[in-house]
1. For the range 54-79, which positions are surrounded by 13 or more Cβ atoms within 10 Å (Cβ to Cβ), within 11 Å of the chain's Cα centre (by Cα), of a type outside the set (Val, Ile, Thr) and modelled with pLDDT of 85 or more?
2. Among the residues of the range 94-122, which ones are more than 23 Å from the chain's Cα centre (by Cα) and exposed (fewer than 10 other Cβ atoms within 10 Å of the Cβ)?
3. So, restricting to helices (runs of 4 or more DSSP H) that lie completely within the range 28-121, which ones have at least 3 residues that are at negative phi, of a type in the set (S, T, N, Q) and not assigned by TED's automatic domain parsing to the domain that holds Ile18?
4. What residue, of Ile52, Ile62, Ile106, is of a type in the set (A, V, I, L, M) and either in contact (Cβ under 8 Å) with a residue 40 or more places away in the chain or over 23 Å from Ser33 (Cβ atoms) (or both)?
5. Any residue in the range 80-93 that is of a type in the set (Phe, Trp, Tyr), modelled with pLDDT under 80 and surrounded by 10 or more Cβ atoms within 10 Å (Cβ to Cβ)?
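The values are calculated or read from the model by the stated rules, or taken from the named source; none is laboratory data. What you are looking at is a predicted structure, and each value in this text was computed from that prediction instead of being measured. When we count neighbours, we look across all protein chains shown, and the Cβ atoms used for this are built from the backbone with ideal geometry, even at glycine.
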Amino acid sequence: MKFFENLNFSNLFSKKKIDDNLLDKFEELLIESDVGTEMASELKEKFKKEKIGKEIKDEKEIFEFLGNQISKILEPHERKFDDINKNSPTIIVVAGVNGVGKTTTIGKLGRLFKNNGKKNSFWCCRYF
């Protein structure tokens, strides 16, 4: 997952067993990466339940864990493209920190919608 490319877990976990000190550093790294305090705490607890006392082989194992957890969190909010009404406007809000692929994703969605007979209009807003 591209989102995780900027996270540097290699120095943190490098084949160490997971303990509370390491979990606190894990949570701190997530917060520094704009995951948010509530979500970082939730991910830390899930990581603790699954990995405490075990050895982490490499960063890929951590990325897979995070990817699976975030997919589970987002899954209830998933909507099928078929649900988009052809006769009324639909608004899709895309938000995220710089460099996570928002523009690329919007372009791909636009092409997908166009290929499925839907009309597109893109609007941009920045909040600083």
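1. If the condition is that a residue be surrounded by 13 or more Cβ atoms within 10 Å (Cβ to Cβ), within 11 Å of the chain's Cα centre (by Cα), of a type outside the set (Val, Ile, Thr) and modelled with pLDDT of 85 or more, then Leu66, Gly67, Gln69 are the ones that fit.
2. Across the range 94-122, the qualifying residues are Asn115, Gly117, Lys119, Ser121.
3. 102-115
4. Ile62
5. First, the residues of the range 80-93 that are of a type in the set (Phe, Trp, Tyr): 81.
Subset that is modelled with pLDDT under 80: 81.
Next, from what is left, pick out any that are surrounded by 10 or more Cβ atoms within 10 Å (Cβ to Cβ): 81.
Scanning the range 80-93, I find at least one residue that is of a type in the set (Phe, Trp, Tyr), modelled with pLDDT under 80 and surrounded by 10 or more Cβ atoms within 10 Å (Cβ to Cβ), so the answer is yes.
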